[in-house]
1. Has region 131-142 got at least one residue that is over 22 Å from residue 186 (Cα atoms), touching a helix residue (DSSP H, G or I) at 6+ places or on another chain (Cβ under 8 Å) and among the acidic types (Asp, Glu)?
2. Just checking, which of 207, 194, 158 is within 15 Å of ligand 1 (Cβ to nearest atom) and either touching a residue at least 24 places away in the same chain (Cβ under 8 Å) or charged (D, E, K, R) (or both)?
3. Identify, please: which residue in region 250-264 is buried (at least 24 other Cβ atoms within 10 Å of the Cβ) and either over 14 Å from the mean Cα position of the chain (by Cα) or within 16 Å of ligand 2 (Cβ to nearest atom) (or both) and is, among those, modelled with the lowest pLDDT?
4. For region 178-192, what are the residues that are part of a loop (DSSP other than H, G, I, E, B) and of a type in the set (Ser, Thr, Tyr)?
5. When you go through 146, 173 one by one, which is the residue that is away from ligand 2 (no atom under 16 Å from the Cβ), in contact with an Asp or Glu (Cβ under 9 Å, 6 or more places away or on another chain) and farther than 28 Å from residue 290 by Cβ?
6. Out of the residues in region 288-303 that are in a loop (DSSP other than H, G, I, E, B) and over 13 Å from residue 2 (Cβ atoms), which is modelled with the highest pLDDT?
Amino acid sequence: MREPYRVVAAGLPERVTVYEVGPRDGLQNESVVVPVEVKAEFIARLAAAGHRVIEATSFVHPKWVPQLADASELLAGMERVPGVRYPVLVPNERGLDRALEHGVQEIAIFASATETFAGKNLNRTLESQFEMFEPVVARALDHGLRVRAYVSMCFGDPWEGPTPVEQVVAVGRRLLDLGCYELSLGDTIGVGTPGHVAALIGAFGGPEQLAVHFHDTYGQALANTLAALREGVTVVDASTGGIGGCPYAESATGNLATEDLVWMLHGLGVETGLDLPSLVETSTWLAGELGRPSPSRVVQALGPAPATDTNVKE
Ligand code: HMG
Ligand code: MG
């Protein structure tokens, strides 16, 4: 079977924007440092598969994330398809300066909902992270950029346990008040469950300006996505082949796989504009480059059968 049966369910959006994070969240956590030409080809393949928003890389400290230390080189060389947005992650003014040098039009800042992770991921406190973000957002908006914001550890944190919903809402509201156009709720370590997702979106007063960003550590990412769609969310982050994770969060494994998400959405009759066979082909190609099989179940089901003693031709 190459595509899902289509059975439209009530109460879901007609269309979902898949915000592709594979080149950034995916590659930042791979043990292999992928050559810059492979990254450029990866991004070109994603655009050809129908993606309209592809998070390309990060302008973070290169020592903190060596996998993406070639961000400038990538942006200088990669093809830009008209109509496709290529946001980049930027934590501070130094990162913004580097992004502006390459004519970036959209950035994403990334905050923590918890004290411990703010320290580990940003070398800041929960409070002082805002001092870092405020000038970034103000200057980016002055330059006419769009600014997205992430909040990490929205459901739980490996050091602090469950994250209080009010704490997430307080951090998220402050980021939106800075002028960010969208807030992506990150389940960095994949511990959320669907009721928790609905409760969090409800605590924000509804889905306006919200996107969701699920890691699949405990196999909950698709169920959590469906819960978010039922609450009215229409932007879902996903990573080609399900690669990804945060190097500064213990137990953060792969993101929700784009192919698994697309299979579910197309089965539900929700439009994405994405071509599933092209996505699977790209993940299969990328798995070869990374030297490990794609974690995505749909890629495993639709990709070429792995070589065995009986089907390998001499
Ligand atoms: P710091 O050490 O506190 O930086 O790191 P600093 O401001 O004290 O500066 C120290 C030196 O670093 C200076 O150089 C700066 O110029 C340089 P010196 O003057 O000593 O020669 N520097 C930089 N160089 C290049 N680019 C920069 C930059 N900034 C400073 N941008 C910092 C603070 C925020 C930079 C650091 O903590 C960092 O880079 N953190 C990023 C960690 C990261 O990328 N984590 C993964 C992404 S987040 C994620 O995956 C979660 C998400 O997917 C959502 C979810 O799943 O929940 C988004
Ligand atoms: Mg992430």
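The values are calculated or read from the model by the stated rules, or taken from the named source; none is laboratory data. Model, not experiment: these values are computed from the prediction. Cβ: placed from backbone, ideal geometry, glycine included. Neighbour counts: every protein chain shown.
1. Checking region 131-142: not a single residue is over 22 Å from residue 186 (Cα atoms), touching a helix residue (DSSP H, G or I) at 6+ places or on another chain (Cβ under 8 Å) and among the acidic types (Asp, Glu).
2. Residue meeting the stated conditions: 158.
3. Among those residues, the one meeting the criterion is 255.
4. 181, 188
5. Answer to the check: 146.
6. Among those residues, the one meeting the criterion is 296.
Residue-wise test of (1) small (Gly, Ala, Ser); (2) out of contact with any Pro (no Cβ under 6 Å at 6 or more places or on another chain); (3) surrounded by 23 or more Cβ atoms within 10 Å (Cβ to Cβ); (4) not in a helix (DSSP H, G or I).
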position: 138; (1), (2), (3), (4): yes, yes, no, no
position: 141; (1), (2), (3), (4): no, yes, no, no
position: 144; (1), (2), (3), (4): yes, yes, no, yes
position: 151; (1), (2), (3), (4): no, yes, yes, yes
position: 154; (1), (2), (3), (4): no, yes, yes, yes
position: 159; (1), (2), (3), (4): no, yes, no, yes
position: 166; (1), (2), (3), (4): no, yes, no, no
position: 171; (1), (2), (3), (4): no, yes, yes, no
position: 176; (1), (2), (3), (4): no, yes, no, no
